[in-house]
Each structure stands twice: as C-alpha cells, then as structure tokens.
Amino acid sequence: MKKKLVVLTGAGISAESGIKTFRDNDGLWEGHNVMDVATPEGWDKNPALVLDFYNQRRKQLKEVQPNLGHQILAELENEFDVFIITQNVDDLHERAGSTKVLHLHGELLKVRSTKNENYIVDWQGDLNFGDLDDNQKQLRPHIVWFGEAVPALDEAIAITQQADYFAVIGTSLQVYPAAGLIDFTTPDTPIFYIDPKPIKIPNLRNPLDVIPEVASEGMKTLKKKLIRFI
C-alpha cells in the first residue's frame, strides 16, 4: 500500500508557467479588479465583461505548459498515492499527468448553468450570450466566485483527513476555506510548506518542514525528502 500524499496547491505553482495571479501587489487580475470579474455582483452588473475575461483566460491557458513543479508532482504517483487539492482553475496538473485532482475553485475549461449548479459541461472555446443549458438558461464560467460556496470543500476535508503526508505549494494560506484544510490533518501528519516567502502558520500541531523556494525548486527538495520515507 502506497502512503497517501495530499497536496494543496495555489497560484504560485501555475505562475511559473506564465499564468498571472490576482494576488499580485496591485490587487488586480490581468488588469481587472477582482470584484468586477470574480463575484456574483460583477456578473450581474456586467456579464459581457465577465464572459470576455474568462474567454481570454481560456485562450491564455492554451498558450502555457506545465512546469517542473507540476511534473514532479505527477512523477510522485510512482511512489505515493498522490491526491492534489488545488485552488487553481487551470488544467496544468492534469496535463502534467496527475490523475487525482480536485479543483476547489472550479475549472476554466468547464461551464455551468446559471440556474442549475449541477449542470456542468466541458468547454474549450469562447462562451457567449445565447449559449444555453438544456432548459434554455444561460451558461456561465464554472468558477467559484468570491462570496459563493465551495461545493468541493467536504470532499477536500475528507481527503485531507486521510493524509500520511501533507504538502502546501504556492499558496499564501490567506484564502479561506482552502487555507483551513491544514487544520483537518491528524496531529502526527508531517506538513511540508513550499513558498519563497513563507508565513508563520498559527496554532499548528503538526511537524512542519518549511522549504523557502519557488514551487519548481521546492518540489525537487520535497521529492528528495519524501523518498527517504519509503
């Protein structure tokens, strides 16, 4: 039986592939205030802007490739039962070869009904007005916007509780509820924290190994450390 490695990833791992984050210093995401393009209120106010924004993100995604950090995570499936819980909406983990990926905040390459959140379909091209579900309701990006519930949270918690090892890669641990997953590990579960600017994790009960590197370099270090447990 392989040991279970659960990994929480964030924007830092995708940034090395060229995908910009909305938590840069200017507080903007690709030049847009996140309140305009990543909230239900923004959708209600200007849906055309929101549709165009995510159409551009979808196009950008096709121009980038998984980086070494994604690749090493995929390779670790040879030694561990790896389950990735990601805050990212791109498909770079899957393209690198990871087989168990849970997207907490939705997926760029999927859309869903504005009236039925369980109506979700794959979508590669632009999403436009007039693209409807089976009940003739407008489709929207399958993205969990600020202020919306995180449907996959219960599944993420259940996965985290099973972890033999837990790694945090490329996330600021500032976005909840994702950042709270670390609290659902068992107290004896070793936690590896990869970030070039790591923050102090308050009230942590677990053994902690901080790797102050960018995701790709940190993954090289993490792989060496994990192989010692085999």
Query - FRET efficiency, L49 to Y176 (Cβ-Cβ, R0 22 Å, nearest 0.05) - result: 0.25
Query raised in the report: In terms of solvent-accessible area of protein heavy atoms at a 1.4 angstrom probe, what is the ranking of K197, K3, highest value first?
Result: K197, K3
Query raised in the report: Thinking of the stretch 1-105 as a set of Cα atoms, what percent of all their pairs are more than 25 Å apart?
Result: 28 percent
Query raised in the report: At each listed q (0.10, 0.12, 0.19 Å⁻¹), what is the log10 of I(q)/I(0) that the Debye formula gives for the stretch 106-204 modelled as equal alpha-carbon point scatterers?
Result: -0.41, -0.55, -0.94
Requested in this report: Give, as a single signed number, the net charge of other residues whose beta carbon lies under 13 Å from the beta carbon of V121, with Lys and Arg counted +1 and Asp and Glu -1.
Outcome: -2
Query - Max mean-square fluctuation residue, GNM over the chain, Cα-Cα springs under 10 Å, options K20, K200, K62 - result: K200
**Report entry** Label zone at D154 (point 7 Å along Cα-to-Cβ), backbone N below 19 Å, the stretch 98-119
**Finding:** 102-106, 116-119
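Expressed as a whole percentage, what fraction of the accessible surface of the chain belongs to carbon and sulfur atoms when a 1.4 Å probe is rolled over the protein heavy atoms? Before the final figure, lay out each step's value.
Numbers: 5580 of 11350 Å².
The C+S portion of the solvent-accessible surface of the chain is 49 percent.
Express the C-alpha Rg of the chain as a ratio against the empirical globular expectation 2.2 N^0.38 Å, rounded to two decimals. Working shown, then result.
Numbers: Rg = 17.9 Å, N = 230, 2.2 N^0.38 = 17.4 Å.
Against the empirical 2.2 N^0.38 Å value, I get 1.03 for the chain.
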**Report entry** Amide hydrogen neighbours beyond the local backbone of I211, cut-off 5 Å, H modeled
**Finding:** Y193, I194, D195
Query raised in the report: Between the stretch 55-100 and the stretch 188-207, what's the alpha-carbon centroid distance in Å?
Result: 22 Å
Report task. Hand me the chymotrypsin sites (Phe, Trp or Tyr not before Pro) from the stretch 114-170 located in a DSSP loop with no more than 10 other Cβ atoms within 10 Å, in residue order please. Result -> F129
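Suppose we keep just the DSSP beta bridges with both residues in the chain; what percent of those would be antiparallel, to 5? Display every interim value, and only then the final one.
On the way: 10 of 32 bridges.
Bridges in the chain that DSSP calls antiparallel: roughly 30 percent.
If you roll a 1.4 Å probe over the heavy atoms of the protein chains, what accessible area per residue do you get for the chain, in Å²? Walk me through the intermediate numbers first.
Working: 11350 Å² over 230 residues.
The answer is 49 Å² per residue.
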Query - Estimated vicinal HN-Hα couplings, Hz - the stretch 63-79 in sequence order (Karplus 6.51, -1.76, 1.60; Gly, Pro = x) - result: 9, 10, 10, x, 9, 4, x, 4, 5, 5, 4, 5, 5, 5, 5, 5, 10
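Can you give the extra length, in nm with one decimal, that the chain gains between E79 and Q161 once fully stretched, where that is 0.36 nm per residue apart less the Cα-Cα distance?
Values: separation 82, 0.36 × 82 = 29.52 nm, distance 1.99 nm.
Between E79 and Q161, full extension yields an extra 27.5 nm.
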**Report entry** Distant-in-sequence amide H partners of A167 (H built 1.01 Å from N, under 5 Å)
**Finding:** V6, V7, L8, F192
**Report entry** Value at 222 nm in deg cm²/dmol, rounded to 500, when DSSP H runs of n ≥ 4 in the chain each add -39,500 (n - 2.57)
**Finding:** -7500 deg cm²/dmol
Query raised in the report: For the stretch 174-190, what does the Karplus curve 6.51 cos²θ - 1.76 cosθ + 1.60, with θ = phi - 60°, yield as ³J(HN,Hα) per residue in whole Hz, taken in order and with x for Gly and Pro?
Result: 10, 9, 9, x, 4, 4, x, 4, 4, 6, 9, 6, 6, x, 8, 7, x
Query - Lysine pair number, Cα distance threshold 26 Å (strictly under), the stretch 4-155, separation 8 or more or different chains - result: 19
Query raised in the report: Of H105, P190, G130, which is farthest on the positive side of the dipole of the stretch 71-230, counting Cα position, with +1 on Lys and Arg Cβ, -1 on Asp and Glu Cβ, and the Cα centre as origin?
Result: P190
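The values are calculated or read from the model by the stated rules, or taken from the named source; none is laboratory data. Just so we're clear, the structure is a prediction, and the values are computed from it rather than from any experiment. All Cβ positions, even for glycine, are placed from backbone atoms using ideal geometry, and neighbour counts span all protein chains on display. For accessibility, only protein heavy atoms count, side chains too; no ligands or nucleic acids. Shrake-Rupley method; radii C 1.70, N 1.55, O 1.52, S 1.80 Å.
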